[in-house]
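Here is the structure we will look at.
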Amino acid sequence: MPTAIALINRLFTADQDERINHPAFGTEPYLKLRENDARRRDQLREVLARREVNDGLALYRAAMIFQHGETLDEIDTAYRLAMRASEAGNRSARWLAACARDRWLMYQGLPQQYGTQFVPDGKRQRLWHVDPATTDAERRAWDVSSLAELAVEADRLTRAEPVPLLDSAPEWLKAGVEKWKAAGEW
């Protein structure tokens, strides 16, 4: 049986390799990716339950796998693992913790804090709602780009990736699009 860190490394490599040519949303390859993601999270839960992992890189990699989760609990696990990784000295984990926090808020239909989450609105890729109280200085403290830089990234994503239809989008995303339409921002 591989060590906990070796298994996390193997799961992380598989997670990242499947995303090199990320399949389009809603396609058969995409659904297969999501199945594989769930399987990796299940395996990871077993490893983490043994409480043997304290290495910053392994915790970061575990957090990344959970960041691809679908539930609030999975995203919360990503956040907690990223915070532990950061405390263990993994600098990259600060950005991942901010991403997990933002995704956790977004999945509840709330404004994100830092601005790390981009979503399709049926026309383009855009930043999910961002809490205006968060400053660019706070973003920098978590290794997140400024809002202006994030807006440029949203435009780049729009040009680089096809915008999926919203037919099978999650309810939180459909509700967000309705807010943008009501505010004349769509």
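Okay, here's what the table says:
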| read-out | value |
| --- | --- |
| Single match in 165, 157, 105 (criterion: among the aliphatic types (A, V, I, L, M), under 19 Å from residue 23 (Cα atoms) and in contact with a strand residue (DSSP E or B) (Cβ under 7 Å, 6 or more places away or on another chain)) | 157 |
| Test for residue 55: is it crowded, with 17+ Cβ neighbours inside 10 Å, in contact with a His (Cβ under 8 Å, 6 or more places away or on another chain) and within 22 Å of residue 98 (Cβ to Cβ) | no |
| Considering residues of the stretch 156-182 that are among the aliphatic types (A, V, I, L, M) and in a loop (DSSP other than H, G, I, E, B) only, the residue modelled with the lowest pLDDT | 165 |
| Residue within the stretch 161-178 that is out of contact with any helix residue (DSSP H, G or I) (no Cβ under 6 Å at 6 or more places or on another chain), under 25 Å from residue 86 (Cβ atoms) and not basic (Lys, Arg) present | no |
| Residue 185 in a loop (DSSP other than H, G, I, E, B) and among the acidic types (Asp, Glu) | yes |
| Of all residues making up the stretch 7-21, the number that are part of a helix (DSSP H, G or I) and either surrounded by 12 or more Cβ atoms within 10 Å (Cβ to Cβ) or not assigned by TED's automatic domain parsing to the domain that holds residue 59 (or both) | 9 |
| Residue ranges of helices (runs of 4 or more DSSP H) in the stretch 40-154 with at least 1 members under 24 Å from residue 179 (Cβ atoms) and in contact with a Gly (Cβ under 8 Å, 6 or more places away or on another chain) | 72-87, 92-106, 136-141 |
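Yes/no matrix, rows are residues, columns are (1) of a type in the set (A, V, I, L, M, F, W, C); (2) in contact with a Cys (Cβ under 6 Å, 6 or more places away or on another chain); (3) surrounded by 14 or more Cβ atoms within 10 Å (Cβ to Cβ):
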position	(1), (2), (3)
106	yes, no, yes
122	no, no, yes
133	yes, no, no
145	no, no, yes
156	no, no, no
159	no, no, no
169	yes, no, yes
177	yes, no, yes
181	no, no, no
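The values are calculated or read from the model by the stated rules, or taken from the named source; none is laboratory data. Because the structure is a prediction, the values reported are computed rather than measured. Positions of Cβ are generated from backbone atoms using ideal geometry, with glycine treated the same way; all protein chains shown enter the neighbour counts.
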